[in-house]
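First comes the structure, then the notes that go with it.
The values are calculated or read from the model by the stated rules, or taken from the named source; none is laboratory data. Quantities reported herein were computed from a predicted structural model and do not represent experimental measurements. Virtual Cβ from ideal backbone geometry, glycine too; neighbours counted across all protein chains shown.
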Amino acid sequence: MILIIFYLSLINSFITNYTQFTGMAKVDSQFYLSSIGGLIKVNNNFNLEKYYSYFDGLSSHYLTDLSCDPDSNLWIGTKYGGLIYFDSKHKKFQTYPKGKIPFEININRIIIENDTILLATNSGLYVILTKGTFANFEDDSVFKIEYPQIPTNNIFCLLVADDIWLGTNRGVSKIKKDFKTVNNYLKPLGDTVKAIIKAKDTLFVLTELGIAYFKNERFYPFFSETLKIVYDFCFYKNNFYLATHSGLFKIIANSQKNLDTILKDKTVRLYPTYKKDTLLALVHGGAPTIIGYLFLLSDTFSQKIWLPTIFSSIVSDAILDGNGNLYLAHFMVYSGVDFISLIKPDNSIIFLQDTLINSRSLAIDQKNRLWIGHWAIDGGVSCYLPEENRFQVYQWGERSLKNVIGGIGIDYYDTKWIRNGENIIALDSLGNYYEFNILNLGKLEEFAITKFAFDRKNRVYLGTLNGLLMIDHKNTLNNLNDDEIRIITDGLLSPIINWCSSDRKGRIWVATPNGAGFLKDNFSFEIFTTQNSGLLANEVYFVDCDKYNRIWFLTKEGISLYYPEKKKWQTFNQYFLPNWEKRSNFYRSFTINDYFGEVLIATEDGLIRFPYPEEPFISFEPKIYPNPIIKDKNNVYLKVSNLPQNVKLKIYNFLGKLIATDEDFKKEKGEFIIKIDQKFKGGLYFLTIETEEEKFIKKFVVIE
C-alpha cells in the first residue's frame with residue numbers, strides 16, 4: 001500500500017516531524033507555531049512558509065511556548081535552551097543571557113504584559129522587566145518568585161488580569177502586580193492546575209478533577225469529572241471546551257456532568273480568539289511522535305489541517321538511492337510500525353506501508369531496490385521495487401529469531417548479508433541463501449543497528465559485542481568448507497564494535513565505546529583515543545569514509561574528521577545535534593553517500609542531512625624538532641613551529657598521562673619551546689596541537 005501525503009516545499013538540514021505543537025502566536029496576518037521539533041511559520045490560510053530548526057539559530061528545538069511583544073517580535077520558551085528572542089523583521093534568533101535565564105529550566109508558559117515578560121517554569125516564576133526596550137537585554141532586571149513564597153516551583157500556566165495568577169502542581173497562587181503580596185490556594189478542586197482563564201468576569205481553573213471558579217476569596221466546583229490528564233481549556237461561544245489527553249471535549253450547556261466529544265486525539269492547546277469566529281486547537285497524533293495537526297471549529301464547519309512532515313521524528317535509519325530518493329525508517333515509534341517515509345527529489349513526501357512490521361534498517365542494492373530489515377519474530381526482510389510499486393518478502397519460518405533482523409549489508413556482487421537473531425545469512429542475487437552459524441557472535445541489541453563492511457577481497461566484516469567478525473568466504477558462497485572465520489580483538493580497548501566501515505584503500509575502520517581505529521594487515525588494530533588523536537570523545541558511535549578518503553567519526557561530543565594520508569584531524573560540529581536528554585540510543589545510524597556528497601545522521605529527534613565539504617581542507621603544517629630528542633646534555637628543548645594564533649598544546653606520554661600544557665611552553669620568534677627536563681623519561685610522547693577547528697597529533701621520542 002502506498003499513500004502520497006504532502007508536498008514539502010522547503011528541505012532543511014534537519015528533517016523532523018515538527019507537528020507536535022506546543023504553542024501559537026499571531027504576528028500580523030501570520031501564525032508562528034512552537035513545537036517539539038522547532039518553529040514553524042504559516043500564513044493566514046495555514047500553508048507552511050518556513051521551518052526553523054536548531055541549525056537556524058535556535059538554542060534548542062524543544063520549544064514549549066511563545067508570545068509576541070508589542071514590537072511584533074517573538075519570545076520563545078524551551079527545554080534545554082533557555083529563552084529565545086526572535087527578531088521577526090530580520091529573521092534572527094538571539095538566546096537570552098543564560099546568566100539571567102538558565103538553560104537548565106523548562107519554560108512552560110510565556111505571557112508579555114506591557115513591558116514585562118513573565119515565565120512560568122519548573123523552577124519558579126521568572127519576571128523580566130524590560131523597561132520598554134525588548135531587544136536590549138543588558139538593561140533588563142530579572143528576578144524570581146519561588147518556594148517558599150509559593151507552595152511549589154513547578155508552574156504550569158499563567159494568567160494576568162487584575163492580579164497575576166499561577167497554576168501549579170499544588171494549587172493556585174495569586175500575586176499582586178507590585179510582586180509584594182502572594183496568596184496561595186491549595187486544592188482549588190484537584191491538586192494540579194493546568195490552565196486559568198477569565199470568562200464573564202469570573203476566574204476559572206482547570207484541574208485533573210474538573211473546573212473550579214473563584215468567588216469571595218475561595219474556589220468552588222463548577223464542573224466535576226475525573227479527567228486525569230488535562231492540558232488546556234477555553235470559553236468559546238458560551239461553552240467550555242477541554243483539551244485533554246483523550247481528546248477535545250465540549251461541556252454541554254446547562255450541564256455539570258455531560259461532555260460532547262469533538263476529537264479523540266490528544267489535544268494540548270486552545271485558541272478561541274486568533275481567527276474570527278473560529279476555535280483553533282493544537283492536536284497531537286495517536287502515538288507520541290507521529291503526526292499532529294491543527295483543528296478549526298466554527299458554527300458552520302470543522303477542519304483538520306495537516307502540514308507537510310515525515311511520519312515520525314524518530315528515524316532509525318536513512319538511505320539515498322541512485323535517483324536521489326531518500327528513505328527513512330521509524331523503528332519503535334510504536335510497536336508494529338510499518339511505515340517508511342520517502343522524500344522524493346522534488347521534495348514530495350510519500351508514506352510507504354510495508355508488508356512486514358517494525359521496519360528498522362535499510363540498504364540499497366545495485367538495481368536501486370530498497371531492502372528493509374524488520375525487528376520481529378514474524379518479521380524478516382522485505383524488498384521494495386519502486387518501478388513495480390510493490391514489496392517482496394523474505395522470511396525464515398513463520399515465527400523465528402532468524403526473522404529478527406539486526407542489519408543488512410550489500411557487497412560488491414550484490415549479495416545481501418543479513419545479521420539476524422541466530423546467525424548470518426547471505427542472500428545472493430539469484431535468491432539463493434546460505435547460513436553462517438558462528439560461535440561467540442553475541443546477542444543483538446534492539447536499538448543498535450549492526451553494520452557490515454567489505455574490503456577489496458570482498459571479505460565480510462561485522463561489528464559484534466565480542467569483537468570484529470571477519471568472514472572470508474573466498475567468493476564461493478556454496479562451499480562453506482574453505483571459509484575462514486575469525487573474531488578479531490587484538491589491540492582493542494573495548495571488544496564492543498558499535499560500527500564498522502571500509503575506506504578507499506579497503507582498510508576496515510571501527511567505532512567502539514573506548515576509541516576508534518583501523519584493522520592492520522596483521523589482524524590487529526591501531527587505536528585512536530582523545531589522548532593520541534583528534535577524537536572529541538572516546539565514546540565513538542559511528543565511522544564512515546567519503547570519496548576523499550576522509551574518515552568521519554561521530555562521537556558522544558561531536559564529529560571528528562581524520563585525513564589518514566596527512567595524519568590530520570578536524571572538528572566538524574556545524575551539523576552536530578546535541579543529545580540534550582542524554583538518551584542512550586539517541587544517534588541511530590550514520591551514512592555517507594558519495595554520489596550525492598551527503599551525510600545522513602539518523603537520530604531520535606529527526607534526520608540531519610548536509611553536504612560534506614567538496615575539497616579536502618588545506619591548513620597549516622606543524623613542524624617539531626629535533627625528533628628524536630637525545631638527552632645528552634643539561635639544556636635540551638623541543639621546538640614547535642608553523643602554528644597559528646590561539647593554539648593549545650598538550651603533551652601526553654605513551655600511557656596517556658598528561659605531561660605538559662600551554663603554560664609549560666615559551667614563545668620565541670614564532671616558535672613554541674619547551675624544556676625536556678626530568679619529567680620526560682625515555683620513550684614515546686604525543687604532542688596535541690589544537691585550534692577551534694582542527695586537532696593534530698605529532699609523535700616524538702625521547703632517548704636517554
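Worth pointing out:
Yes or no, residue by residue, for (1) over 21 Å from I559 (Cβ atoms); (2) in contact with an Asp or Glu (Cβ under 6 Å, 6 or more places away or on another chain); (3) in contact (Cβ under 8 Å) with a residue 40 or more places away in the chain; (4) not hydrophobic (A, V, I, L, M, F, W, C):
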position: Y434; (1), (2), (3), (4): yes, no, yes, yes
position: G442; (1), (2), (3), (4): yes, no, no, yes
position: L468; (1), (2), (3), (4): yes, no, yes, no
position: D483; (1), (2), (3), (4): yes, no, yes, yes
position: S502; (1), (2), (3), (4): no, yes, yes, yes
position: W509; (1), (2), (3), (4): no, no, yes, no
position: G517; (1), (2), (3), (4): no, yes, no, yes
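- Qualifying positions in the stretch 543-567 - in contact with a Ser or Thr (Cβ under 7 Å, 6 or more places away or on another chain) and surrounded by 23 or more Cβ atoms within 10 Å (Cβ to Cβ): V543, D544, F553, S560
- Verdict on T267 being more than 33 Å from the chain's Cα centre (by Cα), under 25 Å from N238 (Cα atoms) and without any contact (Cβ under 8 Å) to a residue 60 or more places away in the chain: no
Yes or no, residue by residue, for (1) under 13 Å from P495 (Cα atoms); (2) among the small types (G, A, S); (3) at pLDDT below 95:
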| site | (1), (2), (3) |
| --- | --- |
| F447 | no, no, yes |
| F452 | no, no, no |
| L462 | yes, no, no |
| N466 | yes, no, no |
| I471 | no, no, no |
| K474 | no, no, yes |
| L477 | no, no, yes |
| L480 | no, no, yes |
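- Some residue of the stretch 587-609 being loosely packed, with under 15 Cβ neighbours inside 10 Å and polar (S, T, N, Q): no
- Selected residue (criterion: farthest from F447 (Cα to Cα)) from residues of the stretch 489-517 that are of a type in the set (S, T, N, Q) and surrounded by 20 or more Cβ atoms within 10 Å (Cβ to Cβ): S502
- The stretch 389-414 - residue that is among the β-branched types (V, I, T) and in contact with a Leu (Cβ under 7 Å, 6 or more places away or on another chain) and, of those, surrounded by the most Cβ atoms within 10 Å (Cβ to Cβ): V404
- Some residue of the stretch 619-633 being surrounded by 15 or more Cβ atoms within 10 Å (Cβ to Cβ), in contact (Cβ under 8 Å) with a residue 60 or more places away in the chain, under 21 Å from L684 (Cβ atoms) and hydrophobic (A, V, I, L, M, F, W, C): yes
- Scanning the stretch 232-246 for residues that are in contact (Cβ under 8 Å) with a residue 24 or more places away in the chain and among the charged types (D, E, K, R) turns up at least one hit.
- Number of positions in the stretch 338-365 that are surrounded by 15 or more Cβ atoms within 10 Å (Cβ to Cβ) and in contact with a Phe, Trp or Tyr (Cβ under 7 Å, 6 or more places away or on another chain): 16
- Residues of the stretch 237-258 that are surrounded by fewer than 20 Cβ atoms within 10 Å (Cβ to Cβ) and either basic (K, R) or out of contact with any Ser or Thr (no Cβ under 8 Å at 6 or more places or on another chain) (or both): K237, N238, N239, H245, S246, K250, I252, A253, N254, S255, K257, N258.
- Residues (farther than 22 Å from N498 by Cβ, exposed (fewer than 13 other Cβ atoms within 10 Å of the Cβ) and of a type in the set (A, V, I, L, M, F, W, C)) located in the stretch 415-453: L430
- The residue list P97, P102, P70 contains one member that is closer than 19 Å to L129 by Cα and in contact (Cβ under 8 Å) with a residue 60 or more places away in the chain, which is P70.
A quick yes/no check of all residues on (1) touching a helix residue (DSSP H, G or I) at 6+ places or on another chain (Cβ under 8 Å); (2) at pLDDT 95 or above; (3) in the same structural domain as A243 (by TED's automatic domain parsing); (4) surrounded by 14 or more Cβ atoms within 10 Å (Cβ to Cβ):
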{"position": "K176", "(1), (2), (3), (4)": "no, yes, no, no"}
{"position": "V182", "(1), (2), (3), (4)": "no, yes, no, yes"}
{"position": "K187", "(1), (2), (3), (4)": "no, no, no, yes"}
{"position": "K194", "(1), (2), (3), (4)": "no, yes, no, yes"}
{"position": "F204", "(1), (2), (3), (4)": "no, yes, no, yes"}
{"position": "L209", "(1), (2), (3), (4)": "no, no, no, yes"}
{"position": "K215", "(1), (2), (3), (4)": "no, yes, no, no"}
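- Among residues of the stretch 436-481, those that are of a type in the set (A, V, I, L, M, F, W, C) and within 32 Å of the chain's Cα centre (by Cα), counted: 13
- Residue within the stretch 645-654 that is more than 30 Å from G682 (Cβ to Cβ), part of a loop (DSSP other than H, G, I, E, B) and not assigned by TED's automatic domain parsing to the domain that holds S502 present: yes
- Within the stretch 365-414, if we keep just the residues that are part of a loop (DSSP other than H, G, I, E, B) and polar (S, T, N, Q), the residue that is modelled with the lowest pLDDT turns out to be N389.
- When residues of the stretch 72-115 are limited to those that are of a type in the set (D, E) and not in a strand (DSSP E or B), the one nearest to I36 (Cα to Cα): E104
- Yes/no for N106 being at negative phi and out of contact with any Leu (no Cβ under 8 Å at 6 or more places or on another chain): yes
- Residues located in the stretch 62-71, provided they are in a loop (DSSP other than H, G, I, E, B), of a type in the set (D, E, K, R) and at pLDDT 95 or above: D69
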